[in-house]
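The values are calculated or read from the model by the stated rules, or taken from the named source; none is laboratory data. Everything numeric in this text was worked out from a predicted model, so none of it was measured. We place every Cβ from the backbone using ideal geometry, glycine too, and count neighbours over all the protein chains shown. Ligands, DNA and RNA are excluded from the accessible area calculation, which covers all protein heavy atoms including side chains. Shrake-Rupley method; radii C 1.70, N 1.55, O 1.52, S 1.80 Å.
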Amino acid sequence: MASSAESLAANLNMSAFSKATELKKRLWFTVLALIVYRIGTYIPIPGIDPVVLGELFKQHGGGIMDMFNMFSGGALRRMTIFALSVMPYITASIIVQLLSAILPQFEALKKEGESGRIKLNQYSRYLTVLFALVQSYALSIGLENAMGGSAVVIAGSFFRISTMVTLTGGTVFLMWLGEQITARGIGNGTSLIIYSGIVANLPNAMAQTLELGRTGALSTWFILVIIALIFGVLAICVFCERAQRRILVQYPKRQVGNRMFGGEASHMPLKINTSGVIPPIFASSLLLFPLTLASFTNVQQKGGWISDIVASLGHGKPLFMVLYATLIIFFAFFYTAVVFNPVETADNLKKYGGFVPGIRPGKNTADYFDYVLTRLTVLGAIYLAVVCLLPEFLMSRGAIPFYLGGTSLLIVVSVTIDTLSRVQSHLIAHQYEGLIKKSRLRGGL
């Protein structure tokens, strides 16, 4: 009976999908937009020697460049027009979001509703262009000085200006493309761009792992254990990303004329991992930046206490593990406090007449939200630290490719869950529209 019910539900979903014309248009637009993005990751910027560039990445691998290369879908390693990807836009959006929680002017814009949101988005775009210009200029200077200047065919002002214009234009185009996917496609456009870049390079990472097994660098049993761990971590990620604490919220009844309205009960969902993938990204950036800087300045060859610290910050080292876990836990609490304000949530609930049963509205409700959210964030921070440290341990012990890191798995899982939930929402909305049309036809008859 259970199997027949599941097959019936699957047939109903397939039939609903075949009739959802609007959903299919959105899916096709998303796919075509992502194809355009992937094509752009293979168009190189002018004036770069690809052979020398490949040697440069081999020498300075394992640092922040590998992480940015993962987010750009391999575009940074190929030094293409999308080498910066959407990272300047994400950085600008996070800064504007932080400012909206710190500065009163930005907080007032946040409370204005749609008009305030449009202004904040505009500030994010301006900051994106600024960050892209700065990063592209720094990248052009780094390329001119790397490998004795052999990575650039003709160095000089023209190369710097052309690199800044090309990379900034690529970032602005991706920012626009992400907004178009969000408005006319399915899911969050910026997240899908990063997601497609990670997924496109996963087969290459798996091929590298299998090649290590073929050459004898990794044993067959170790590869099987890695595959089992990947599926296990994916299952844990799916469970924790969907897990939530539902707080019961009650609304009182209101009498309008002779009729009674309201009295409904709803739930306020609080996720275990409210901060998402921001803590691992921030923690990785802070830890890998000095490591990358040291590799470019040849600190380790000079010796001294600085080289000892740099060596201790390598992947899989005890100091790196401790600092990485500490930063992840810190940013998990910090970013959760930024995105969820218990006092503001309690005030909004009180304004619309809602209350938590057994809790007095106002300050007591805010304290209760803060108490529950703190306990959930402890679990979420531990979950993020474990998921991110386990791949780090495997990469250090078995030379596993960087693409199989915890941050990439978290992004893949969270974006997949979000996109599937939006597809399901479109299907449900389409079914409701069909029911409304049928009821109108019957009423007309």
### Task
Starting from the amide H of residue 247, placed 1.01 Å from N in the peptide plane, find each other amide H under 5 Å away whose residue is 5 or more places distant or on another chain.
268, 270
### Query
In terms of solvent-accessible area of protein heavy atoms at a 1.4 angstrom probe, what is the ranking of 317, 351, highest value first?
351, 317
## Note on the structure
Each label sits 7 Å from Cα toward the beta-carbon; between residue 253 and residue 228 the label points are separated, in nm, by 5.9 nm
### Task
Show 367, 418 ordered by accessible area, largest first, where the area counts protein heavy atoms only and the probe is 1.4 Å.
367, 418
### Task
On the full set of protein chains, 1.4 Å probe, figure out the accessible area of residue 102 and give it in Å² to the nearest 10.
110 Å²
### Task
Between residue 102 and residue 138, with labels modelled 7 Å along Cα→Cβ, what's the label distance in nm to one decimal, could you check?
1.7 nm
### Query
Between residue 417 and residue 219, what is the spin-label point distance in nm, taking each point 7 Å from the Cα along the Cα→C-beta axis?
3.5 nm
### Message
Give me the mean projected area, in nm² to one decimal, of the convex hull enclosing the Cα positions of the range 197-245.
### Response
4.2 nm²
